[in-house]
1. Consider GLU429 carefully, then state whether it is surrounded by fewer than 23 Cβ atoms within 10 Å (Cβ to Cβ) and either outside the structural domain of GLY286 (by TED's automatic domain parsing) or part of a helix (DSSP H, G or I) (or both).
2. Do any helices (runs of 4 or more DSSP H) entirely within the range 320-409 hold 3 or more residues that are β-branched (Val, Ile, Thr) and free of Cβ contacts under 8 Å to residues at least 40 places away in the same chain, and if so, which?
3. Does any residue in the range 48-59 that is within 18 Å of SER161 (Cα to Cα) come within less than 6 Å, Cβ to Cβ, of a residue that is in a loop (DSSP other than H, G, I, E, B) and among the polar types (S, T, N, Q) six or more places away or on a different chain, and which pairs are these?
4. Please determine, by comparing only the residues of the range 198-208 that are over 19 Å from ALA495 (Cβ atoms) and out of contact with any Gly (no Cβ under 8 Å at 6 or more places or on another chain), which one is modelled with the lowest pLDDT.
5. Could you tell me whether VAL144 is under 30 Å from SER458 (Cβ atoms), surrounded by fewer than 16 Cβ atoms within 10 Å (Cβ to Cβ) and of a type outside the set (D, E, K, R)?
6. Among the residues of the range 460-479, count how many are assigned to a loop (DSSP other than H, G, I, E, B) and either farther than 24 Å from TYR419 by Cβ or assigned by TED's automatic domain parsing to the domain that holds ILE234 (or both).
7. Please verify whether the range 165-188 includes one or more residues that are surrounded by fewer than 20 Cβ atoms within 10 Å (Cβ to Cβ), at positive phi and either at pLDDT 90 or above or out of contact with any Asp or Glu (no Cβ under 7 Å at 6 or more places or on another chain) (or both).
Amino acid sequence: MSIKLVNIVKDFPGGRALNNVSVGFGFDEVHGLIGENGAGKSTLVNILGGSLAMSHGKIFVRGSAVRLATPRAALLHGIAHVSQEGSLVPQLTGAENILLGAEPSYFGGVLRRQELMEQAGSLLCKWFPEVSISLDRPVGELDVADRKIIEIIRALRGDTSILILDEPTAALQSREKMQLWKIIRSLPARGVGVVLVSHFLSEIKELSDRITVLRDGEHVDTLEAGDTTEAGLIDLMLRRASGGKKAFERKTSQPIGKSMVMEVSNWKAGRVEVPEFSLKAGEIVGLIGLTGAGHFGFARSLYHPKGLLSGTIRVCGKNVAGNVRDMKRSGIALVPDHRMENALMADGSVRENLSLVHSDFAANWGVLNLAAEKTEVMRIVDLLNIKSNSPRQLVRELSGGNKQKVSLGKWLYGAAGKYRVMIFVEPTEGVDIGAKQEIYRQIRDLAKQGMGVLIASSDLLEIEQVTQRVVPFVHGRPGKSIPAEEFSEARFIDALTGEAA
C-alpha cells in the first residue's frame, strides 16, 4: 500500500518550484527526502500534507485519485504532517495538545479532564510505551524532545498511514535524538510509513529504507539507502555538470594584499565553533557547507553576533566590542540573504533604500541636501547598473537582480573608504544570470580596492567562479581551507562530508 504523486508541478509568481515530480511513499517504509535549499522538499511535503495546492499533477492514495485541498482533507486520507516549526500551544498541557480539537467534554462544552488525561495517556502508551512524559504540564515547560513526541502522538491519534516529519531532530541533543530515532524506526512495522525530511545525511542514511533526491525542483533519483553513501547523495544533490561538460570553469585570481583586515579567534556562536579565521585585504573567501553546517551562521554572527558565547574579532588590528553598531563603525558590512525581509523596505523607493545605512551623508546640520543625495543615488545606480524607471520607483516593483543590487548599493552609498570587510550571504539568491555576472564583477572590484570579502553560498559554481580560497563547514566547525588551484566539484563534495584530506 502506498501514496503516489505523479507529475507534480508547482508554480509560484516568478518561478517553478516543482517540475513534473513523480515519487511514491510506502506505508511500510521510512522514506528519506533530501535536497539543498530551494530543491523543492518543503513544497512537495506541503502539497502532500494539504497545506499547499499543486498547479498540476495527480495524487493517488491506495490506488485512488484524491484531492488534498486542506490539511484536514489530507488527514482524512491518513496523511499527517509534523512541521519543523511546531504547532503546539505552549500554555496548554501535553494532554490538551494531544487531543486538541477532539477534547472530551460534557454537554455545554465543559472539559472532562479525567477522561482527557486517560485518553492522552492511552495514546502515549499505545505508540511509545517506553516514553514517560508529564502530560498534565504545559508543553511550554517541557523539553524539546518531549514536545516533538507530543506532536507526533497528536498526528497519530487518527487512522494515519503516512507521517511526514520535517527536520524532526534539528533542535535535539544526542540522547534525545537517539530516542526519536528509535520511535521513527518502529512506525513502519506498525503500519505507518514515514516521509523523513532532514539535512542530516547520517540520519537519512541510518533511518531510511529508500531515499529520494530533489535538485532544482526536479526528481533526480530514488534509490535504496543501502546502495549509496553520504558522498554519493551529496553528488546527486549538488551535481552541476551535464553531458560530460566540466561543472566549473576556473577564473583568473587577482592579487591579495599582505595585511589582515579581519582576524577571529575562539569564536563560539550557537553551535558554531571557529578556533581561528583570518581575511586579508583584497581576498575573497568562500564558506560552503550542507544545510545546517554552520557556514551561514558564522558569516551572520561576524556582523550581528546574536547568540555569541565567546570569541574576539579584530579589524585592521583593532579589537571590536561585538555589537552591530561597533561592527559597522569598525568597517564590517553585511549583505544578507532574504533581502526583502532582512535588507530592504518593500514600499520604499530606490532612493530611500539606497540611503538607509548612511542617511546622514547628504545632510548638513540636520538639513538634507536633496541635490547631494540625488547625485550620490545616481552614482550608485550607474555603478551597479540598477534598472528602474526612476529613483522614485518602489523597490518591490524591481526584478530580483535589481533588488539585490540595491541591497548591496546601500552599503556603497556615501561610504567611500568606510568599510574594510564585506560579508555576503547568498549574494545572488533569486537573481538571473546577467545580474549574477554584474554582482560578481562588483565583488571583484571591492576586493581590488583592498576590501576583504567573505561569501557564504550554497551555489558551488558561484563559489568557484568568484573566490580565491574556500573554507568548508561540517557540523558547525570549519575544515581545512581549499586554495583556488585545488578547486573541483569532487574536492568540494569530499569537503562537505568531512572526507577531504
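The values are calculated or read from the model by the stated rules, or taken from the named source; none is laboratory data. The shown structure was predicted, so the numbers you read here are calculated from the model rather than taken from an experiment. For neighbour counting, all protein chains shown are included, and Cβ atoms are generated from backbone atoms with ideal geometry for every residue, glycine included.
1. Working: surrounded by fewer than 23 Cβ atoms within 10 Å (Cβ to Cβ): yes; either outside the structural domain of GLY286 (by TED's automatic domain parsing) or part of a helix (DSSP H, G or I) (or both): no.
So GLU429 does not fit the description; no.
2. Numbers: elements: 324-330, 339-342, 350-354, 370-384.
In the range 320-409, 370-384 are the helices (runs of 4 or more DSSP H) which contain 3 or more residues that are β-branched (Val, Ile, Thr) and free of Cβ contacts under 8 Å to residues at least 40 places away in the same chain.
3. Short answer, once both residue conditions are applied: GLY50/THR70.
4. Residue satisfying both the conditions and the ranking: GLU203.
5. Values: under 30 Å from SER458 (Cβ atoms): yes; surrounded by fewer than 16 Cβ atoms within 10 Å (Cβ to Cβ): yes; of a type outside the set (D, E, K, R): yes.
So VAL144 passes the test.
6. Step one: list which residues in the range 460-479 are assigned to a loop (DSSP other than H, G, I, E, B), which gives 467-468, 475-476, 479.
Retained after the next criterion (residues that are either farther than 24 Å from TYR419 by Cβ or assigned by TED's automatic domain parsing to the domain that holds ILE234 (or both)): 475-476, 479.
The number of residues fulfilling the criteria is 3.
7. No, the range 165-188 contains no residue that is surrounded by fewer than 20 Cβ atoms within 10 Å (Cβ to Cβ), at positive phi and either at pLDDT 90 or above or out of contact with any Asp or Glu (no Cβ under 7 Å at 6 or more places or on another chain) (or both).
Condition check ((1) more than 15 Å from TRP411 (Cα to Cα); (2) loosely packed, with under 14 Cβ neighbours inside 10 Å; (3) β-branched (Val, Ile, Thr)) across all residues:
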site: PHE296; (1), (2), (3): yes, no, no
site: LEU308; (1), (2), (3): yes, no, no
site: ALA321; (1), (2), (3): yes, yes, no
site: GLY331; (1), (2), (3): no, no, no
site: ASP347; (1), (2), (3): yes, yes, no
